[in-house]
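Novice: One structure follows; several queries about it will come next.
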Amino acid sequence: MGTMRARYGVPLTLTAVGAAGLAYAAGFEVRSFRLRRVTVPVLPRGMRPLRVLQVSDIHMVSGQRKKQRWLQSLAGLRPDFVINTGDNLSDPEGVPETLDALGPLMEFPGAYVFGSNDYYGPKLRNPARYLIERAQGRHGLNGNAPVVGAVHNPWEDLRDAFDTAGWVGLSNSRGRLKLDGIEIALTGLDDPHIKRDRYAEVAGGPESGADLSLAVVHAPYLRTLDAFTADGYPLILAGHTHGGQLCIPFYGALVTNCDIDTDRVKGLSTHTAGAHTSYLHVSAGCGTNRYTPVRFACPPEATLLTLTARG
């Protein structure tokens with residue numbers, strides 16, 4: 001019996017710990033929604049603070065009632081405007097519930113870009129492939145072969161509803177929001193993860209006459225961050241990374257699912273290119289791919305950014 005305990009005790013303990021961790025990651029943390037609050041000094045001196053709510057990577061699956069209620073409740077923050085950085089869907093049938101969840105937020109001015117999961121339904125993947133792709137420097141269509149037999153989501157329905165609500169589409173385009181005499185110029189890209197970004201179509205930097213110019217993109221690939229920063233945008237908003245999704249406590253993320261470093265996988269940081277430095281905020285998002293519905297040491301989130309005057 002003593003030999004059996006020595007031989008099997010450690011593996012059984014590890015199995016039990018692993019099972020408990022998986023139960024926590026799938027049963028609790030993935031539904032433990034949080035609000036991140038950050039302050040970013042990017043406004044002209046003398047301008048009043050602006051409150052921007054960023055939602056990202058909702059990955060809605062039909063039946064996710066708690067997530068829907070939580071998203072609806074965010075309207076109580078009364079933001080000045082909303083930025084949606086994409087990947088709203090993880091279910092071709094999820095458009096009505098996504099719009100129901102975002103309905104109260106669509107009463108506010110807003111803008112959006114799409115991510116790959118808005119266009120295409122998810123496929124079952126071994127999570128270990130993300131580690132392998134990171135080691136090999138491959139991410140999305142930037143390093144892998146095009147997806148064959150992908151399920152096409154009804155993203156046009158999502159786009160039409162956002163546009164009808166007055167939200168500004170920023171897929172390789174520019175737009176403006178007017179807020180009580182304040183003009184916000186926005187420049188966005190379609191998803192770099194699947195090579196839909198076309199920076200040449202929006203190049204040129206911040207617009208004259210606007211009180212503030214912001215850059216928006218779903219996946220924070222370095223080529224897009226370099227371009228936005230070199231053009232002089234003071235703040236870039238992105239999502240896509242899920243904050244690493246499965247993180248190691250006191251260490252952090254193992255992967256980012258793009259070529260940004262793990263130190264900037266979520267939250268506020270900076271990016272430097274050429275002679276310019278921009279603030280970068282990457283949302284860890286509030287959902288997961290429907291086939292990997294777990295989070296560990298990385299709770300789902302939205303972010304309320306308070307933009308203040310530069311020092």
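For every residue, the table says whether it meets (1) out of contact with any Asp or Glu (no Cβ under 7 Å at 6 or more places or on another chain); (2) in contact (Cβ under 8 Å) with a residue 24 or more places away in the chain; (3) on the phi < 0 side of the Ramachandran plot.
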| residue | (1), (2), (3) |
| --- | --- |
| Ser62 | no, yes, yes |
| Arg65 | yes, no, yes |
| Gln68 | no, yes, yes |
| Gln72 | yes, yes, yes |
| Arg78 | yes, yes, no |
| Asn88 | no, yes, yes |
| Asp91 | yes, yes, yes |
| Gly94 | yes, yes, yes |
| Gly103 | yes, yes, yes |
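Novice: Which pairs turn up if I take residues in segment 39-51 that are among the hydroxyl-bearing types (Ser, Thr, Tyr) and look for partners that are in a strand (DSSP E or B) and open to solvent by 30 Å² or more (accessible area, probe 1.4 Å) with beta carbon separation below 6 Å, at least 6 apart in sequence or on another chain?
Specialist: Within 6 Å, the pairs are Thr39/Thr306; Thr39/Thr308.
Novice: Considering only segment 113-149, how many residues are over 16 Å from the mean Cα position of the chain (by Cα), closer than 24 Å to Met60 by Cβ and of a type in the set (A, V, I, L, M)?
Specialist: Summing the residues that are over 16 Å from the mean Cα position of the chain (by Cα), closer than 24 Å to Met60 by Cβ and of a type in the set (A, V, I, L, M) in segment 113-149 gives 3.
Novice: In addition: Counting residues that are under 20 Å from Gly143 (Cβ atoms) and without any contact (Cβ under 8 Å) to a residue 60 or more places away in the chain, which strands (runs of 3 or more DSSP E) fully inside segment 218-311 reach at least 2? Let's see the steps before the verdict.
Specialist: Details: elements: 235-238, 267-273, 276-282, 301-309.
Hits in segment 218-311: none.
Novice: For Pro206, indicate whether it is touching a Ser or Thr at 6+ places or on another chain (Cβ under 6 Å) and open to solvent by 10 Å² or more (accessible area, probe 1.4 Å).
Specialist: Numbers: touching a Ser or Thr at 6+ places or on another chain (Cβ under 6 Å): yes; open to solvent by 10 Å² or more (accessible area, probe 1.4 Å): yes.
When the stated conditions are applied, Pro206 passes them.
Novice: Take the residues of segment 170-203 that are in contact with a helix residue (DSSP H, G or I) (Cβ under 6 Å, 6 or more places away or on another chain) and outside any loop (DSSP other than H, G, I, E, B): which is least open to solvent (accessible area, probe 1.4 Å)?
Specialist: Applying the filter and picking the extreme gives Pro192.
Novice: Answer yes or no as to whether Gly143 is open to solvent by less than 70 Å² (accessible area, probe 1.4 Å) and farther than 24 Å from Thr262 by Cα.
Specialist: Values: open to solvent by less than 70 Å² (accessible area, probe 1.4 Å): yes; farther than 24 Å from Thr262 by Cα: no.
No: the conditions fail for Gly143.
Novice: Run down Arg138, Arg69 and say which single residue is basic (Lys, Arg) and not in a loop (DSSP other than H, G, I, E, B). Before the answer, list the steps.
Specialist: Details: Arg138 fails: not in a loop (DSSP other than H, G, I, E, B).
So the residue among Arg138, Arg69 that is basic (Lys, Arg) and not in a loop (DSSP other than H, G, I, E, B) is Arg69.
Novice: Considering only segment 110-128, state which residues are touching a residue at least 40 places away in the same chain (Cβ under 8 Å), assigned to a loop (DSSP other than H, G, I, E, B) and either open to solvent by 30 Å² or more (accessible area, probe 1.4 Å) or among the hydrophobic types (A, V, I, L, M, F, W, C) (or both).
Specialist: Val113, Phe114, Lys123, Leu124, Arg125, Pro127
Novice: Would segment 99-109 turn up any residue that is surrounded by 17 or more Cβ atoms within 10 Å (Cβ to Cβ) and outside any helix (DSSP H, G or I)?
Specialist: Residues of segment 99-109 surrounded by 17 or more Cβ atoms within 10 Å (Cβ to Cβ): 99, 101-102, 105-106, 108-109.
Among the residues that remain, those that are also outside any helix (DSSP H, G or I) are: 108-109.
Within segment 99-109, one or more residues are surrounded by 17 or more Cβ atoms within 10 Å (Cβ to Cβ) and outside any helix (DSSP H, G or I).
Novice: Within segment 213-223, how many residues are open to solvent by less than 50 Å² (accessible area, probe 1.4 Å) and either among the basic types (Lys, Arg) or out of contact with any Leu (no Cβ under 6 Å at 6 or more places or on another chain) (or both)?
Specialist: We begin by selecting, within segment 213-223, every residue open to solvent by less than 50 Å² (accessible area, probe 1.4 Å); these are 213-221.
Now restrict to residues that are either among the basic types (Lys, Arg) or out of contact with any Leu (no Cβ under 6 Å at 6 or more places or on another chain) (or both): 213, 215, 218-221.
Qualifying residue count for the region: 6.
Novice: Next up: Residue by residue through segment 232-268, note down the ones that are over 15 Å from the mean Cα position of the chain (by Cα), among the hydroxyl-bearing types (Ser, Thr, Tyr) and open to solvent by 10 Å² or more (accessible area, probe 1.4 Å).
Specialist: The answer is Tyr251, and nothing else.
Novice: Would you be able to tell me the number of residues in segment 274-294 that are open to solvent by less than 10 Å² (accessible area, probe 1.4 Å) and aliphatic (A, V, I, L, M)?
Specialist: So the count comes out to 3.
The values are calculated or read from the model by the stated rules, or taken from the named source; none is laboratory data. None of the values given here were measured: they were computed from a predicted structure. FYI the Cβ positions are ideal-geometry reconstructions off the backbone, even for glycines, and counts take in every protein chain you see. In case anyone asks, the SASA skips ligands and DNA or RNA and just uses the protein heavy atoms, side chains included. Shrake-Rupley method; radii C 1.70, N 1.55, O 1.52, S 1.80 Å.
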